[in-house]
Amino acid sequence: MSVDDAGLRPLVPQVLGVLVRRGADFATAEDAVQEALLRALATWGDDPPDQPAAWLTTVAWRAFLDLTRSATARRDREARFDAEPPAGAVHSADDTLRLYFLCAHPELTPSSAVALTLRAVGGLTTRQIAEAYLVPEATMAQRISRAKRTVAAAGLAGDAPDDVATVMRVLYLVFNEGYSGDVDLAAEAIRLTRQLTELTDDPEVAGLLALMLLHHARRRSRTRPDGSLVPLAEQDRALWDDALIIEGTGLVQSALSRDRLGEYQVQAAIAALHADAPSVDETDWVQIVEWYDELLGLADTPIVRLNRAVAVGEADGAPAGLSALAEVPDGVPRREAVAAHLHERNGDLALAARLYAEAARNAPNQAERDHQTRQAARVNELLRRR
Amino acid sequence: MAKYLLLKHYRGAPAPENNVPMDQWTPEEVDAHIQFMADFGTRLEATGELVGAEAVAAEGMWVRYDGEGKPPVTDGPFAETKDLIAGWMIIDVDTEARAIELAGELSAAPGANGEPIHEWLEVRPFLAMPPTVDG
């Protein structure tokens, strides 16, 4: 039996949160919780205790005391232990929320924050995280230890910054890693974001969850069985997950109605408009362009301008798209791909073929490189047949 | 068993016989080539001879330490004449003959007109730890 099979994973942040609130340092508390999990797997068998979280908390707290035992420190901790209320029902939303903040601490590098979040909040084992990132387990163990030390050194075990934006950024990073190994990181990111929406009352968190659900809904249609990419226009919309689309659309609508606009809500609104269209031609591109204009006001980045140029090309025609593209500097990832598409639609096949080939050379991953190579080959074939 | 590194080059290797840039192939020829490469990897996984394979980007940098307190030197993107690795595969095989045989098969990947590319691949044995028991 594993931690997943026994249903222990959701309890990890609760238990860890209690230990940290009681004054345990984060790094040792984390080790103690892992030890309690192992003991639970070894002793529960088919007969788990009535209150698994309380059991785990008691065992983890004892393990914490063992781990940090030393003459003087022990006196302090035992005094503190005596002063603590007895372990009972331990669900505490605040404790879990504090863990989110700790794991996304701005002192951490993004990759460390991601690893720590997956382990401490997600309850994944080091091996599972290592497999998902295709690195050796020992490497991932070091990355997590280093992250825990950083958090400890920042001296924030009881005083996490409360910037939910950093938490959202970490969760979005997890989502975008996709999946490999036996852990689906996109699904894990959704699970954690869903939990975060229950802990906070922030329309941006709801917007982020909606964005993830709406992207996730299209996942089966995005690649062919051989792994090759399928562009939005060619995706089989019957493969889209209607339940996720309905949930995501509902979430973004209610978030938007609260009139506290943010980047994730806007991106989710755009994703909802795509999900809503029965075909690519029936997409409400005009409204999508309006949302991109809104997004520019919140975050004026070259990537946003690039995506806006695509939408303008669909809404107002290729020449308008090309002039929007002129505002995007060279060197922005996928700029050549967008330029190639717009020039092809504008009838300049020779230029389009050159740009597709260039896009293939600069592609950030194998699937995209193969896709752009095929595009170049396709347009060159059209040219030969002329 | 010994490990070998198979290197595919963007530039620097002798020109292949069927030397047509990939974007000048037909889409079907591109598909056939990609499928061949995927099948090759799958087959070596099945025989237990694949260690790993990755493609690398077309552009990179040369970087050198430039002394205490100074940022590292780069010469920017590679100049035209430099050798450029396009991708690598590491195989773990019984004999050098098997490494050569597999590299030969890989070089026969289909290209323009469905004909083999006859691409040159570099095959380099890994240096290993000395054996713990003398022969």
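The values are calculated or read from the model by the stated rules, or taken from the named source; none is laboratory data. Everything quoted here is computed from the prediction, not taken from an experiment. Using ideal geometry, Cβ is built from the backbone for each residue, glycine included, and neighbour counts are taken over all protein chains shown. All accessible areas refer to the heavy atoms of the entire protein, side chains included, with ligands and DNA or RNA removed. Shrake-Rupley method; radii C 1.70, N 1.55, O 1.52, S 1.80 Å.
Less than 15 Å Cβ to Cβ from A:ALA275, Lys/Arg counted +1 and Asp/Glu -1: what total charge do the surrounding residues give? Its environment carries a net charge of -2.
Computed from the C-beta positions of A:ASP94 and A:ALA299, the FRET efficiency with R₀ = 30 Å rounds to 0.50.
Of all aspartates and glutamates in the structure, those lying under 14 Å Cα to Cα from B:LYS8, and not within fewer than 8 positions of it along the same chain, are B:GLU54, B:ASP83, B:GLU105, B:GLU119, B:GLU122.
As a length-normalised measure over Cα pairs under 8 Å and 6 or more apart, the relative contact order of the range A:187-310 settles at 25 percent.
About the centre of its Cα atoms, the range A:197-305 shows a dipole size close to 380 debye [charges on the beta carbon of Lys, Arg (+1) and Asp, Glu (-1) only; nearest 20 debye]. Per residue, the solvent-accessible area of chain A (1.4 Å probe, heavy atoms of protein chains only, all protein chains present) comes to 47 Å². Stokes-Einstein diffusion for chain B, with the hydrodynamic radius set to the Kirkwood value over Cα pairs and evaluated at 20 °C in a medium of 1.002 mPa s, equals 125 µm²/s. Only loop residues by DSSP count here, and only those with at most 15 other Cβ atoms within 10 Å; note down the trypsin sites (Lys or Arg not before Pro) in the range A:254-321 that meet that. Listed in order of number, the matching sites are A:ARG258, A:ARG260. Note: relative contact order over chain B, using C-alpha pairs below 8 Å and six or more positions apart, is 47 percent. Between A:ASP182 and A:ASP76, the distance separating the two model label sites (each 7 Å from Cα on the Cα→Cβ line) works out to 4.1 nm.
Divide the volume of the convex hull around the Cα atoms of the range A:266-386 by the residue count and you get 114 Å³ per residue.
Remark: relative contact order (the range A:227-386) = 15 percent; criterion is Cα-Cα distance under 8 angstrom and separation of 6 or more residues. Largest GNM mean-square fluctuation among A:PRO333, A:PRO203, A:PRO13, using chain A with Cα springs under 10 Å: A:PRO333.
Approximating the spin labels as points 7 Å out from Cα along Cα→Cβ, the A:ALA243-to-B:VAL133 distance works out to 5.8 nm. In whole Å, how far is the Cα centre of the range A:314-386 from that of the range B:1-35? For the range A:314-386 versus the range B:1-35, the Cα centre distance is 23 Å. FRET efficiency for the pair A:ARG194 and A:LEU382, taken as 1/(1 + (r/R0)^6) with r the Cβ-Cβ distance and R0 = 51 Å, rounds to 0.65. Out of the range B:27-135, which trypsin sites (Lys or Arg not before Pro) are coil in DSSP terms and have no more than 15 other C-beta atoms within 10 Å? Counting only loop positions with at most 15 other Cβ atoms within 10 Å, the trypsin sites (Lys or Arg not before Pro) in the range B:27-135 are B:LYS82. Shown here are the Rg and Dmax of the Cα trace of the protein assembly as shown, at 27.2, 87 Å. Modelled spin labels at B:LEU5 and B:VAL123, positioned 7 Å past Cα toward Cβ, are 1.7 nm from each other. A Gaussian network model of chain B, with springs between Cα atoms under 10 Å, assigns the largest mean-square fluctuation among B:VAL63, B:VAL30, B:VAL93 to B:VAL63.
When you filter the GluC sites (Glu not before Pro) in the range B:1-69 for DSSP loop state and at most 11 other Cβ atoms inside 10 Å of their Cβ, you are left with B:GLU68. Taking Lys and Arg as +1 and Asp and Glu as -1, the other residues whose beta-carbon sits under 15 Å from that of A:PRO52 total -3. With R₀ fixed at 41 Å, the C-beta to C-beta distance from A:GLU290 to A:THR223 puts the FRET efficiency at about 0.85. If you find the alpha carbon centre of the range A:188-257 and of the range A:1-24, how far apart are they in angstrom? That distance is 27 Å. Within the shell of other residues whose beta carbon sits under 10 angstrom from the beta carbon of B:VAL20, the net charge comes to -3, with Lys and Arg scored +1 and Asp and Glu -1.
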